[in-house]
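Structure first, commentary second.
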Amino acid sequence: MLQTLMWRSLRLSVASVALAGAGHVLAQSLPPPVEAALARAQIGRDAVSLYVAPVEGRKPARLAWQAMQAMNPASVMKLVTTYAALEQLGPTYVWRTSVYLDGVVDNGAFRGTVYIKGAGDPKLVSERLWLMLGRLQGMGVKVIVGDIVVDRSAFQVQGHDAAAFDGEPFKPYNAGPDALLINYKTQVLGFIPDGAAGVARIHYELPMGQLQAPTSVPLAPPGTACGDWRSQLQADWSDPQRIQLQGRYPASCGDKNWAIALPDPNSFALKAVEGMWRSMGGQLTGSVRDGVVPAGLKPAWENQSPALAEVVRDINKYSNNVMTQQVLLTLGKERMGVGSLEAGRAALAQWWQLRWPAAEMPLVENGAGLSRHARISAQALGRMLQTAWGSSVMPEFVASMPISGMDGTLRRSKASASAHLKTGSLRDTNALAGYVHGNSGQRYVLVALINHPNAGAARPVMDALVDWVAQD
């Protein structure tokens with residue numbers, strides 16, 4: 001597998017040479033501000049790939065430094081996945097989670113089986129789950145005499161290992177996709193200090209069935225610094241049926257939230273459905289279990305997701321990995337007939353080869369960039385951004401990117417330029433791509449990829465590049 005990925009990466013480096021138009025002049029040196037910032041960060045020039053060009057593809061590039069070298073783009077890869085989805089599915093595409101009733105309503109009770117069929121909605125958060133189940137209570141149902149069956153057959157995602165990437169299975173960014181993805185497969189614990197009682201009250205964003213969870217934790221001694229408050233709580237996530245907090249919470253922290261991808265993620269949807277139903281006062285004589293909707297049964301109602309344009313905005317503004325994987329799986333299901341990552345990658349490949357037939361598609365693993373093997377060249381990504389600028393989905397695509405110094409993952413950027421840019425970072429990767437508004441009024445595509453052990457110190461390099469581009 002790894003040899004195949006390396007071979008495809010090599011082919012991408014060679015094939016991307018064809019993307020260079022006759023009018024594109026490759027720069028022989030880096031801009032002085034960028035060179036100086038690299039020196040301060042102790043990052044060598046050979047670890048950097050840059051491409052800057054006017055959004056109009058017919059104009060020559062301003063900067064192309066090692067631009068045809070395939071490199072790891074980290075979360076910048078999300079731009080490829082989301083632009084492909086906007087073009088192939090359309091900005092108004094929605095996911096529909098269907099509820100089926102196989103039984104009868106009898107004097108406040110539903111006697112039979114309730115089926116919930118997931119379709120891959122990336123944004124089925126707790127309040128939307130509450131609304132969906134509320135329809136059943138609106139029919140006067142207080143007790144389900146039978147089971148709730150969850151149908152997740154729309155996606156083929158069995159075997160996801162949340163610890164495989166970096167050994168951090170409880171981090172939300174490692175959560176795996178699911179046809180019935182509820183609350184991003186993440187529980188949020190809210191801590192509220194109560195000095196009079198000597199405890200911090202705990203609020204849970206999502207009610208969960210079959211899960212024991214403490215309602216409070218003791219406060220740390222007065223004067224304890226907030227510091228690494230998560231470590232002070234001494235959490236133990238080893239038991240899938242119980243949340244254990246064996247430490248104390250510093251009152252000096254004030255209110256804090258802690259997002260956790262709980263153990264046994266395959267049961268997350270089952271626990272969430274049961275917990276939400278019971279928290280609404282509903283009763284259930286049976287269980288919540290996996291299954292498949294019987295053939296011929298018609299849905300009683302559907303819960304419609306926000307439009308794809310809104311989903312893409314959340315993905316790119318806040319770099320949500322699991323939402324991106326949901327989109328790639330949906331591409332596979334809608335374009336290839338199979339909701340698998342392999343089918344999603346095949347749909348991306350067809351789209352890429354149709355748009356840019358001279359170059360092999362980027363090396364995509366999960367579409368989110370949470371990968372050590374993903375590869376794309378700065379010039380190939382830059383040309384994609386130029387094409388996107390002239391496309392009918394340009395407004396939705398550009399608006400999905402963080403605004404430099406204002407929101408999303410760029411809210412702390414020190415660059416003074418006006419820009420819409422997507423960030424990406426891994427242990428040894430720092431990346432930036434999107435659009436910069438030059439002082440002259442000219443708009444540019446910008447792609448910067450850095451693969452180096454000191455990549456974590458490269459943010460000033462990116463800021464220097466953005467400002468240099470804006471100065472025309």
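The values are calculated or read from the model by the stated rules, or taken from the named source; none is laboratory data. Owing to the predicted nature of the structure, the values given are computational and were not obtained by experimental measurement. So basically every Cβ, Gly included, is an ideal-geometry build from the backbone, and we count neighbours across all protein chains shown. Heads up: the accessible areas ignore ligands, DNA and RNA and are worked out on the full protein's heavy atoms, side chains in. Shrake-Rupley method; radii C 1.70, N 1.55, O 1.52, S 1.80 Å.
Of the peptides 220-228, 380-388, 286-294, 129-137, the order by per-residue mean of other Cβ atoms within 10 Å, starting with the highest, comes out as 380-388, 129-137, 286-294, 220-228.
Residues in segment 114-122 carry Karplus couplings, in order, of 9, 10, 10, 9, x, 10, x, 3, x Hz; the curve used is 6.51 cos²θ - 1.76 cosθ + 1.60 with θ = phi - 60°, and Gly or Pro positions show x. Which values of log₁₀ I(q)/I(0), to two decimal places, follow from the Debye formula for segment 323-472 at q = 0.09, 0.11, 0.12, 0.14 Å⁻¹ with a uniform point scatterer at every Cα? Once normalised to I(0) and log-transformed, intensities are -0.31, -0.46, -0.55, -0.75. For Ser377, the residues whose amide H sits under 5 Å from its own are Met71, ignoring neighbours fewer than 5 places away on the same chain, with H placed 1.01 Å from N. Site pair Ser340 and Arg242 shows an inter-label distance of 4.0 nm when each label is modelled 7 Å from Cα along Cα→Cβ.
For the chain, what % of the accessible area comes from carbon and sulfur atoms, probe 1.4 Å?
51
Close amide H pairs (under 5 Å, H built 1.01 Å from N) link Arg242 with Gln212, residues at least 5 positions away or on another chain. Across segment 437-452, rounded Karplus estimates of 3J(HN,Hα) from the backbone phi angles (6.51 cos²θ - 1.76 cosθ + 1.60, θ = phi - 60°) give 8, x, 4, 7, x, 6, 9, 10, 8, 9, 9, 9, 10, 10, 10, 6 Hz, Gly and Pro being marked x. If you wrap the Cα atoms of the chain in a convex hull and average its projected area over all directions, you get 24.7 nm².
Other residues lying with their Cβ under 15 Å from the Cβ of Val55 contribute a combined charge of +3, Lys and Arg counting +1, Asp and Glu -1.
For Trp95, nonlocal amide neighbours, meaning residues 5 or more places apart or on other chains whose placed amide H falls under 5 Å from its own, are Ser305. Helix content alone sets the calculated 222 nm mean residue ellipticity of the chain: runs of n ≥ 4 DSSP H residues at -39500 (n - 2.57) each, divided across all residues, give -8500 deg cm²/dmol. With 19 Å as the limit, the listed pairs Lys117/Lys271; Lys185/Lys271; Lys123/Lys317; Lys256/Lys422; Lys117/Lys333; Lys123/Lys185 have Lys256/Lys422 beyond it between alpha carbons. Modelled this way, with points 7 Å down the Cα-to-C-beta line, the labels at Ala197 and Ala164 are 4.3 nm from one another. Taking other residues whose beta carbon is less than 11 angstrom from the beta carbon of Met384, and scoring Lys, Arg as +1 and Asp, Glu as -1, yields +1.
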